[in-house]
Amino acid sequence: MPSATSAAAVQPADLGFFSVLARAGSLSAAGRELGISTPAVSKHLAQMEARLGVALVNRTTRRMSLTPEGELYLEQARRILASIDDLGQQLGVSRAMPQGLLRVNATLGFGRSHVAPLISAFVRRHPSVEVQLQLSVNPPALTEDLFDVCIRFGAPPDTRVIARNLAPNRRLLCAAPAYLARHGVPKVPHDLARHNCIGIRQGEEAHGTWRLASGRGRSAASQVVKVRGNLTTNDGGIAVQWALDGHGILMRAEWDIGRYLKSGRLVQVLPQYTTPDADLYAVYPQRHQLSARVRAFVDFLAASFAPASAA
């Protein structure tokens, strides 16, 4: 056996081993998944740490946790394994079955209510795919290699990525009937300036600035209204609840308020005016366009959202 000084610090077999160990959460569970004994798992881990010269795992009698070095090792190991898997799938894309790690990002509210349930259905259909879902207030930079697919509203300006339109999405102005009964119904956009408007701080959109348009084609006219209010949040679900509670007027995606408009708990405000569209997109790097798992996931999203958008 090569000595610790002569052996390479990182060996290819270590990457998959450590990824399984981290996912399993314990030496015994990793052993069951790998088909080896718990002492063999412990020995392999000890050899890795000896070669690297750092501890990767904090061990206790009941559980294990990754050290900061272990977290870094895991992140890079999964990225390398995903790249290797991508290469294999691209070389045999016509016969490839979706498998491997899929890193997905979505916004907080929409990700929780719409994307997470679809991922649950997707992995039932493709159990060989391991999905990591991260929800965030602001979409990540598209130039960073942090995610394989990002679900976002609005087409990205970056031409280095592929953006597939999943579904149309209108932003609507709405308020609770009780609020409008107390404060009156706006007739023109500039009436909004004297109303309590619920603010949402998300992404790079200008906070407190609403754009509304009337007419179509050459006759279309756009107006910019500065709005204000005593309630602001970065969570769309909270903003909708505040509108339902009668605190003010809200601009929100039809995906989030459609059921409340149908039930009458919210009423559309200024329906004769339109706001900028924010269609739903799946965004992914061009290098992933031949990845079987990415293609399968994006196709699954498009098929799932199509009936909802048609309705």
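The values are calculated or read from the model by the stated rules, or taken from the named source; none is laboratory data. These numbers come from a predicted model, not from an experiment. Positions of Cβ are generated from backbone atoms using ideal geometry, with glycine treated the same way; all protein chains shown enter the neighbour counts. For the accessible areas, the whole protein counts, side chains as well, though only heavy atoms, and no ligand, DNA or RNA atoms are used. Shrake-Rupley method; radii C 1.70, N 1.55, O 1.52, S 1.80 Å.
Quick notes on this one:
- Candidate lysines for bridging to K226, where Cα separation is under 27 Å - those fewer than 8 sequence places away on the same chain excluded: K187
- All lysines inside 17 Å of K262 as judged from Cα atoms, apart from same-chain residues fewer than 8 positions distant: none
- Amide H to amide H distances under 5 Å link N169 with A278, D279, L280, where only residues 5 or more positions off or on other chains count and H is placed in the peptide plane.
- Cα gyration tensor shape of the range 212-292, rounded if a/c is under 1.5, else prolate or oblate by comparing a/b with b/c: oblate
- Radius 11 Å from Cβ of L192, net charge of other residues (Lys, Arg +1; Asp, Glu -1): +3
- For I162, net neighbour charge (Lys/Arg +1, Asp/Glu -1) across residues whose Cβ lies under 12 Å away: +2
- Accessible area in square angstrom per residue, the range 260-304, 1.4 angstrom probe: 44 Å²
- For G248, residues with placed amide H under 5 Å, excluding near neighbours: A176
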